[in-house]
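The structure appears below as structure tokens.
The values are calculated or read from the model by the stated rules, or taken from the named source; none is laboratory data. Because the structure is a prediction, the values reported are computed rather than measured. Cβ sites come from the backbone with ideal geometry, for glycine too, and all protein chains shown count toward neighbours. What goes into the accessible areas is simple: the full protein's heavy atoms, side chains included, and nothing from ligands, DNA or RNA. Shrake-Rupley method; radii C 1.70, N 1.55, O 1.52, S 1.80 Å.
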Amino acid sequence: MQKNNVNRSVWLTILAIIMVVAPFTISGYKVDSLTMLMVNVILAVSFRLITTTGGWSLAHVPMMGVGAYATALISGKLGIPFWFSMPLAGLAAGLTGLSISYPLVRTKDFSFFVASFAAGEAIRLCWIRFKVPFGGHRGLGVPIPELIPGVPALDFSEAIPYYFLTLVVTIICLSLMYRVDNSRIGDSMKAVQSQEALAKSVGINADGYKMLAFSIGSFFAGIAGVLLAHRLWAIEPHQFGFTTTLYLLVWVVFGGSHTFAGPVIGVVVLTILGEVLRPLADWVPMVYGIIIILTLIFLPDGLESLPSRLRSSAGKIWKIRISFGN
Amino acid sequence: MEFLWQTILNGLMTSSFYALIAVGLSLVFGVMHIVNFAHGEFYMIGAYTVWVLFALLHWPFFIAVGAAIVIVGLLGLVSERLIFRHAHGNVLSGFIMSVGLVFILQVAVVEIWGVGKMKPVPAAFPQILNIGGVSTSWQRFIVLPATIILLWALWYFLAKFRVGRGLRASAQDPEAAALYGISPKKSAAVAMLLGSAMAGAAGAFMAPIMSVHPYMGHSVVWTAFVVVIVGGAGNIKGTILAALIFGFLTTIITTLLDSTIANLVNTLVMLVILAIRPQGVAGHAEE
């Protein structure tokens, strides 16, 4: 156990050094890709938080959109500084999540997919239909964040400063979600998923925990949306459409959702694959489709289960050899 | 008065389209427990088949429709054999697999026929139909009798044929059905064949009315899901009832306001129904 912790802190330190040094060694385009990758990591990890209670919400990307639209309205239309609009926008997404989770937690499986999908689409339709204040199909402009309002200190329209802003927010979000995941609350959420009846019988409020997970997940999705919006400077309903949701599902299923690291691995590996296949960009969705089907057939617990699978199959081979030896 | 009759006619036509697309989805869910998101893509391929055979090769319309039904049905059969069988009734895996299939089919269609150009399908029956002062085109009207015939055929198959009855038995209790010699795998394959064929039929009949493009399945599959959920997943009678409810609701709101509001209202109605009756309007509460 002690050794494991040391190992992990060594790896985290190496990762931190790479993340700090990397942006100075690569082109501006790649720095922005890394920024987007971190946004997607927050999205995927917050999605996994909801799945720990068993709900695979299809409204998660629209929740990210709620955060993006909220910050566009709060910081753009009302002129409130970025540092306040970010948590407020997260809160807006969290509250939206709370309100739609009420009908959602009463549903299961098929109904949950469809209801969450429909709830997300309803939110998106509102952005399209109500041109005031959401701007319809053309969307909204988002201002560039300022370190101290009115003082030109750090230029967040540049790729590298924004990268570090995103890095700091990502680290904060991930450590908060990690804390939740390993707390009593996180354990109760997992209990709700694996043994709902048993969890209820020992006095765990199953629906309450599902709604809590949904709200916390939506809050962090909203934060991811804020980071996305302030980098793109403009948002439109199309960005938060179903295609993005499908990608999110593929990331999390491919990486695996049992461990905290699973979704992160999924996002990182598939993003790198997407970059490698950039010349064949049209074919990328098909490659994703094939990967996800093969993953579900041959590695249903995702990439995170690969090490233990390899270990156990190696063990089997070893046992077979022994038996042949005898 | 004329407005009322016009609304009833339009409502019936919309409902029959909803029923055609949603019943197949409901059937597949009832038997296999697969939330088949690729149902919309099956619909899209049905429309493309009609575009190729009827608009490009000038085959007779109904033969093109028949070909679309057969092709999409077989596509469903193949996807059951290659993909969905491996979900083993796990709803989440099945759903995500169908998402993968969506990606594959969309890219395939885009790569074969391109995305930019319009795929115009001329009306096979451009004449105007007049019934007591209300009018519509024959092309739109034909969906109504076609749906009635196809649903009747499905009912006849499920009620009178041994395979059809086996299918219903598998949907109710796969283990007990297996004890009576009904293979759940065979039932799953037949359900997928029929369900996909219905999607293909819907796409084929809508091709001259809707615009044919690789992403046309998205909005349709959403509506179909809403209908299935309100009808009670796997419940075909409930699905038809829900199709009628939403067909009329959509028609009335679209006539009075606009289609975006109609979609919004449909969704809210569904969420409210789920909050009150999670098992759907016609479903039975689980014990």
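For B:Ser135 and B:Ile252, what is the calculated FRET efficiency with R₀ set at 22 Å and r taken between the beta-carbons, to the nearest 0.05? Don't jump to the answer; show the numbers that get you there.
On the way: r = 19 Å, r/R0 = 0.84.
Taking R0 as 22 Å, the efficiency between B:Ser135 and B:Ile252 is 0.75.
Find, to one decimal place in angstroms, the Kirkwood hydrodynamic radius of region B:41-103, where the mean of 1/r is taken over every pair of different Cα atoms and then inverted. Don't skip to the answer; put the middle values down first.
Working: mean 1/r = 0.0784 Å⁻¹.
Roughly 12.8 Å, rounded to one decimal.
Need one number: buried accessible surface between chains A and B, 1.4 Å probe, both sides summed, DNA, RNA and ligands left out, in Å² to 100. Provide the component values of the computation, followed by the final result.
Details: alone 17430 and 14220 Å², together 28080 Å².
Summed over both sides, the interface buries about 3600 Å².
In Å and from the alpha-carbon atoms only, list the Rg and Dmax of region B:209-263.
When restricted to Cα atoms, region B:209-263 yields Rg and Dmax of 12.3, 33 Å.
Determine the shape class of region A:196-276: with a ≥ b ≥ c the square roots of the Cα gyration tensor eigenvalues, call it rounded for a/c under 1.5, and otherwise prolate if a/b is greater than b/c, oblate otherwise.
Numbers: a/c = 2.80, a/b = 1.57, b/c = 1.78.
Here region A:196-276 falls in the oblate category.
What whole-number value in cubic angstrom gives the convex hull volume per residue for the C-alpha atoms of region A:1-141? Don't skip to the end; give the middle numbers.
Working: hull volume 23.2 nm³, N = 141.
Taking the convex hull of the Cα positions in region A:1-141, it is 165 Å³ per residue.
Compute a Gaussian network model of chain B, connecting alpha carbons closer than 10 Å, and tell me which residue from B:Met118, B:Met13, B:Met97 fluctuates the most.
Maximum among the listed residues: B:Met118.
Please turn the phi angles of region A:265-270 into ³J(HN,Hα) values with the Karplus equation 6.51 cos²θ - 1.76 cosθ + 1.60 (θ = phi - 60°), one per residue in order, whole Hz, x for glycine and proline.
For region A:265-270, the Karplus curve yields 4, x, 4, 5, 4, 6 Hz.
Given the -39500 (n - 2.57) contribution per DSSP H run of 4+ residues, what per-residue ellipticity at 222 nm results for chain B, rounded to the nearest 500 deg cm²/dmol?
Working: 12 runs with 204 residues, N = 287.
Rounded to the nearest 500, it is -24000 deg cm²/dmol.
Compute the Kirkwood hydrodynamic radius of region A:136-213, taking the inverse of the mean of 1/r over all pairs of distinct Cα atoms, and give it in Å to one decimal.
On the way: mean 1/r = 0.0617 Å⁻¹.
Answer for region A:136-213: a Kirkwood hydrodynamic radius of 16.2 Å.
Multiply the residue gap between A:Leu198 and A:Ile144 by 0.36 nm, knock off their C-alpha separation, and tell me the result in nm, one decimal place. Please list the in-between numbers first.
Details: separation 54, 0.36 × 54 = 19.44 nm, distance 4.97 nm.
Extra length from A:Leu198 to A:Ile144 when fully extended: 14.5 nm.
Which loop trypsin sites (Lys or Arg not before Pro) in region B:44-147, with loop taken from DSSP, have no more than 16 other Cβ atoms within 10 angstrom of their Cβ?
Working: sites: B:Arg81, B:Arg85, B:Lys117, B:Arg140; in loops: B:Lys117.
Qualifying residues, ordered by number: B:Lys117.
List the residues of region A:256-305 whose accessible area drops by at least 20 Å² when all protein chains are present, compared with their chain alone, using a 1.4 Å probe and counting only protein heavy atoms.
Listed in order, they are A:Asp282, A:Trp283, A:Pro285, A:Met286, A:Gly289, A:Ile292, A:Ile293, A:Leu296, A:Ile297.
Apply the Debye scattering formula to region B:130-213, with a single equal point scatterer on each alpha-carbon and no solvent, then give log10 I(q)/I(0) at q = 0.14, 0.18, 0.20 Å⁻¹.
For region B:130-213, the Cα-only Debye profile gives -0.62, -0.81, -0.90.
Stick to the Cα atoms of chain A, pair each with every other, and give me the Kirkwood hydrodynamic radius in Å at one decimal. Numbers along the way, then the final one.
Working: mean 1/r = 0.0476 Å⁻¹.
One decimal place: 21.0 Å for the Kirkwood radius.
Keeping the other protein chains in place, figure out the carbon and sulfur percent of the accessible area of the protein assembly as shown, with a 1.4 Å probe. Could you put the intermediate results ahead of the total?
Numbers: 19240 of 28080 Å².
The C+S portion of the solvent-accessible surface of the protein assembly as shown is 69 percent.
Please report, in whole Å³, the volume per residue of the convex hull around the C-alpha atoms of chain B. Could you put the intermediate results ahead of the total?
Working: hull volume 39.3 nm³, N = 287.
Taking the convex hull of the Cα positions in chain B, it is 137 Å³ per residue.
Please provide three numbers in whole Å: the alpha-carbon extents of region B:46-204 along the principal axes, with the largest listed first.
Per principal axis, max minus min of the Cα coordinates gives 55, 43, 25 Å.
Once the Cα atoms of helix A:2-21 and of chain A are each reduced to a long axis, what angle between those two axes, in degrees from 0 to 90 to the nearest 10, is obtained?
40
By how many degrees, 0 to 90 and rounded to 10, does the Cα axis of helix A:184-194 deviate from the longest principal axis of chain A?
Once rounded, one gets 60 degrees.
Under 5 Å between amide hydrogens, which residues at least 5 positions from B:Lys119 or on another chain qualify, with H placed 1.01 Å from N in the peptide plane?
So B:Lys119 has HN proximity to B:Val212.
Size of the dipole of region B:120-272 about the Cα centre, Lys and Arg at +1 and Asp and Glu at -1 on the beta carbon, nothing else charged, in debye to 20?
Magnitude of the dipole: close to 500 debye.
Counting just the Cα atoms, what span does the protein assembly as shown cover along each of its three principal axes? Round to the nearest Å and put the largest first.
Computed over the protein assembly as shown, the largest-to-smallest principal extents equal 78, 76, 53 Å.
Can you pull out the chymotrypsin sites (Phe, Trp or Tyr not before Pro) in region A:97-166 that DSSP calls coil and that have at most 16 other Cβ atoms within 10 Å? Mind showing how you got there, number by number?
Working: sites: A:Phe110, A:Phe112, A:Phe113, A:Phe117, A:Trp127, A:Phe130, A:Phe134, A:Phe156, A:Tyr162, A:Tyr163, A:Phe164; in loops: A:Phe130, A:Phe156.
Listed in order of number, the matching sites are A:Phe130.
With θ set to phi - 60°, apply the Karplus curve 6.51 cos²θ - 1.76 cosθ + 1.60 along region B:84-90 and write out the HN-Hα couplings as whole Hz, x wherever there is a Gly or Pro.
The phi angles translate into 5, 4, 7, 7, 6, x, 6 Hz.
Based on Cβ point charges of +1 for Lys and Arg and -1 for Asp and Glu, what charge dipole magnitude is obtained for chain A about its Cα centre, in debye rounded to the nearest 20? Don't skip to the answer; put the middle values down first.
Details: 23 positive and 15 negative charges, 162 e Å.
Dipole about the Cα centre, nearest 20: 780 debye.
For region A:158-298, restrict the atom set to alpha-carbon positions and state the Rg and Dmax in Å.
In order Rg, Dmax, the Cα atoms of region A:158-298 give 17.7, 55 Å.
Considering only A:Trp127, A:Ala224, A:Met177, whose Cα is most displaced toward the positive end of the charge dipole of region A:26-240, charges sitting on Cβ of Lys, Arg (+1) and Asp, Glu (-1)?
The listed residue farthest towards the positive side: A:Trp127.
Accessible area per residue, 1.4 Å probe, Å², for region A:5-71: what's the number?
On the way: 2530 Å² over 67 residues.
Per residue, region A:5-71 has an accessible area of 38 Å².
Output needed for region A:46-126: three equivalent-ellipsoid semi-axes, defined as square roots of 5 times the C-alpha gyration tensor eigenvalues, in descending order, whole Å.
They are 26, 13, 9 Å, listed largest first.
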